[in-house]
1. Enumerate the calculated ³J(HN,Hα) couplings along region 417-434 in order (Karplus 6.51 cos²θ - 1.76 cosθ + 1.60, θ = phi - 60°), each rounded to whole Hz, writing x wherever the residue is Gly or Pro.
2. Would you calculate the separation in nanometres between label points at GLU727 and GLU31, each defined as 7 Å from the Cα along the Cα-to-beta-carbon direction?
3. With a sphere of radius 12 Å drawn around the Cβ of PRO310, what net charge do the other residues whose Cβ falls strictly inside it have (Lys, Arg +1; Asp, Glu -1)?
4. Determine the relative contact order of region 31-146: mean sequence separation of Cα pairs under 8 Å and six or more apart, normalised by residue count, in whole percent.
5. Quick one: check the C-alpha center-to-center distance for region 540-592 versus region 54-73, whole angstrom.
6. Residues with amide H under 5 Å of LEU793's amide H, sequence separation 5 or more or different chain, H placed in the peptide plane at 1.01 Å from N; which?
7. With each pseudo-label sitting 7 Å past Cα toward Cβ, what's the SER19-GLU254 distance in nm, one decimal?
8. On full extension of the chain, what length is gained from ALA506 through GLN237, given 0.36 nm per residue of separation minus the C-alpha to C-alpha distance?
Amino acid sequence: MNRDYIALDLDKILERLSSFVCSEDGKSEIEKLEPQTGLASAQALLNQTADAHMLMARFGAPSFGGLKNVNNALARANAGSVLSMRELLDVAEVLRSIRGITQWRSKNDGVRCSIDIYFDALTPNKYLEDKITSAIISEDEMSDNASPALYDIRRKIRAASSKVRDRLDKMIRSSQYQKALREAIVTMRNGRYVVPVKIEHRGEISGLVHDTSSSGATVFIEPAGVVEANNEIKVLQGKEQEEIDRILFDLSAEAGSFYDGIKSSYECAVELDVIFAKAKLAYDMKAMTPALNDSGRIILNKARHPLIDPKKVVATDIRLGTDFDSLIITGPNTGGKTVSIKTLGLFSLMAMCGLMIPAGDRSELSVFDRVFADIGDEQSIEQSLSTFSSHMTNIVRIINGSNEHSLVLIDELGAGTDPVEGAALAMAVLERIHEKGAKIAATTHYAELKVYALETPGVENGCCEFDVASLKPTYRLLIGVPGRSNAFAISARLGIESSVIERAKALVSSENASFEDVIESLEKSRQDFEAKRDEAEAIRIEAAKAKADAKKYKDSIEELRKKELDKAQQQAQRIVEQAKRSAYALVSELEQLKKESAKAADKAEAARRAKQLLKKSLGEFDDITNPVTAALADESNYIVPTSIQIGDEVLLADIGKTATVTALENKKGEVEVLAGIIKMRTPKSNLRLSKNRRKEKKQTAPKKVQHEFKVAGAEKAECDLRGMNIEEGIMELERHLDRCMRLGLNEISVIHGKGTGVLRRGIQDYLRKCKYVKSFRLGTFGEGESGVTIVTLK
């Protein structure tokens, strides 16, 4: 790998990436991964990672287990070679993995993305997969069901073996051979069934000796009686092996015929394995997708170096290539200067490799033709190079190779030699690289370079913040502020005598001391500004929270208002419906009374009952349509009485009736009122005084309200629906059937007309389902024929 990439720890990131890959070829692909120098190619890789990251977030990750490189085995099979059972099982495993990946994608096929070119290129082959797995059980065993011939051969082998064992079992159980046998068991030697015989009795059992025990005291003899049977087993075993070889040849030939398709699918699966490994790494690092450009512009918000412990790493903001092309970072050691420039370079390389970066939103990176890094001590005894010489060797390489499309990162520029010469050399090197148009980030301790950054256009100072009070760095990169060494403050905190510190300050040149004082003043101003900014931000957040809470409260009130309004509307609707039902019931009762009155002998009694029913029903109807709560729902028309006078018109709250005050309140706080013809006393709190306080006094006696009604003629036993549509006709028919059922009618006529027959069919469909209807038919001659339906009620 490129030495500059190693200096920036890209190799460690790729090693971490390899841990998320399942296939060996995927690991090899990662080892060969190189940053892309073209914007289009780098953006394509980054888009693939972002799409895989999105798919994982929504559907989880697919499984890439079982991916093995079987290309060599398939190539041999395609050329006519026979594969082993292990190799064929590997092919089946690859096919199973490819099928699993395809099935995973098919479940979320509604989301199209840039990596679909790889998913679409996968060609599952379940036919070959099942054929291999059904024939081969393991790398050492072929299934009986691999072919009918193999099944038949093995059945014969089992039968012959059983016959031999039965014969030998009889022998070892026979008392004739008990003394000659070492043990009463049947065993195998060289694939043939034998019995263990004592060496001194081997002449007693005729047969073939196949083996001897290690002690020589036992010989394993194949009795003559089973030699032929064992020979038959041997022949069958030979046929078995021939059939297995034939099956392997057929399977190998079939697998070889799919060589191109399996090879292509496997390669696409490996690419997907690598892409999803990048997405898994992004999840592990809590990374995001940066915007890419090729103009050298870098903006990192809350960047976290991925190789530092996530619990300890400090997020930092870094800019380069925006309003300046060179960044000179100064400050004390261990303050985070080197980490800052390594983060800058590493993130650029990661993005060029298609990796997401652990940074905040709106981060932006650039692609470069070359990324140069001179970081760390490269002292070499073998090459006779000191620290300074090794750095200068790198500087020469950087100067010769850099251009306007390069990123140059230099740690401790000019270190390792005389400070005066080192500072001058560092300044000259920066000027030269800056002239070539490269983007530069360098760290240094030289004060001269701080001045150079202040005076040179396109060059900016930066420093890593240091807390003198705690003697610890904060690791925050501050751009636009030159760093301070803080040597005197640190030394004083560590216990060096104040006189020594004062003497050291006196030895510092006045110009350098003034410069440091200016830097100190700027640093205090910056800290004050940041404190005020943080305070303003806290106030802004609190105000935004209060605004959000107020809006939430307002929305909840509005929602409650709507709910209450809906509730009131529903309640009003229920009251109206109940009033309608009561009205219909009243009409039906009156019609029933009318029918009875027509038959009753005592007309006066019928009229009296009708009057009582009407009065009762009208009272109920009035209660429904005009409840007291409704009358009191809006009390804006009434004023709580303060000085009640005789003649005031008031409303009795408990019964919802109007009344006139006839006498003022007594000692008990009760007021006398006249409600209609009834005079009563009621508490003053029960009165609601109308805006129309005074009612003109008229000495007219209250009139008795009389309800008059006429009993209509007899109920017609017909329902005329002509001119109505189906819905209107059914509603009218329902009301008519309800009245007829109350009146006890048994038969009615429904007049729907002839016309097109649509209304007739709709009415008859309704009658079939109506629970009141016993039967119905069309009218006959004289009844209206097909324009009338005669309905018989239950």
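1. 8, 4, x, 5, 5, x, 5, 5, 5, 4, 5, 5, 5, 4, 4, 5, 5, 5
2. 7.7
3. Working: positive: LYS286, ARG304, LYS311, LYS312; negative: ASP284, ASP309.
With Lys, Arg at +1 and Asp, Glu at -1, the neighbours total +2.
4. On the way: 89 pairs, mean separation 31.0, N = 116.
Here the relative contact order equals 27 percent.
5. 57
6. Sorted by chain and number, the residues that satisfy this are GLU747, ILE748, LYS774.
7. Simple spin-label model gives 4.3 nm for this pair.
8. Details: separation 269, 0.36 × 269 = 96.84 nm, distance 10.31 nm.
Between ALA506 and GLN237, full extension yields an extra 86.5 nm.
The values are calculated or read from the model by the stated rules, or taken from the named source; none is laboratory data. Note that the structure is a prediction, hence the values are computed from the model and not measured. Heads up, the Cβs are rebuilt from the backbone with ideal geometry, glycines too, and the neighbour counts pull from every protein chain shown. Side chains are part of the model used for accessible areas, which takes the heavy atoms of the whole protein and leaves out ligands, DNA and RNA. Shrake-Rupley method; radii C 1.70, N 1.55, O 1.52, S 1.80 Å.
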